[in-house]
């Protein structure tokens, strides 16, 4: 019998990392903080944050029934494009917002981490629905396959509760994310009623 050849092909997988994070039971926070720039320009950063908040590109990433409500938000009745959230991108390298809409299974956890790591920085995450936030109705003692909260895998910026949440709830989550990025509720107000001239 000959010796087994060692494979030269090294495929990077987040399966071990997902298992380790999921079993820890703690909220995931990255260990290393972003290094601060040598020269800080407050006005430029404020302008860039304003641009980022009004051009969020979410990733097309629906896992369960919450994805239907996420799709409704793009339709004419709710029209999220008037706030700058319009472009759902199929590639993680072209988007800066991940909306985890639905149940995350342990088999799907490595893919969630992979997609998050492939997104360009700065990147944001919205956990949509009770299953993504805490496991929802699957948070029982008999549960063996559902991740109890996506925040054990990746850092989450905004939580949108509901089972499933209405499209208006997700739109409110977008506004909260805008507020987190820029520090104000509506960076560019869409409706300004005329002022009374009395």
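Tabulated data
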| quantity | calculated |
| --- | --- |
| Some residue of region 75-95 being at pLDDT 80 or above, in contact with a helix residue (DSSP H, G or I) (Cβ under 7 Å, 6 or more places away or on another chain) and outside any helix (DSSP H, G or I) | yes |
| Filter result for the condition that a residue is touching a helix residue (DSSP H, G or I) at 6+ places or on another chain (Cβ under 9 Å) and more than 18 Å from residue 16 (Cβ to Cβ), over 111, 101 | 101 |
| Flag if residue 159 is under 14 Å from the mean Cα position of the chain (by Cα) and either farther than 19 Å from residue 73 by Cβ or in a strand (DSSP E or B) (or both) | yes |
| Test: residue in region 24-33 that is over 29 Å from residue 143 (Cβ atoms), at pLDDT below 75 and exposed (fewer than 14 other Cβ atoms within 10 Å of the Cβ) | yes |
| Filtered residues of region 125-135 (kept if touching a helix residue (DSSP H, G or I) at 6+ places or on another chain (Cβ under 6 Å) and assigned to a strand (DSSP E or B)) | 126, 127, 128 |
| Selected residue (criterion: nearest to the chain's Cα centre (by Cα)) from residues of region 64-74 that are in contact (Cβ under 8 Å) with a residue 24 or more places away in the chain and assigned to a loop (DSSP other than H, G, I, E, B) | 64 |
| Cross-chain or 6+ apart pairs with Cβ under 6 Å, region 104-119 first and free of Cβ contacts under 8 Å to residues at least 40 places away in the same chain, then surrounded by 20 or more Cβ atoms within 10 Å (Cβ to Cβ) and in a loop (DSSP other than H, G, I, E, B) | 116/154 |
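The values are calculated or read from the model by the stated rules, or taken from the named source; none is laboratory data. Fair warning: this is a prediction, and the values are worked out from it, not measured in the lab. A quick note on method: Cβ atoms are made from the backbone with ideal geometry, for glycine too, and the neighbour counts reach across all protein chains shown.
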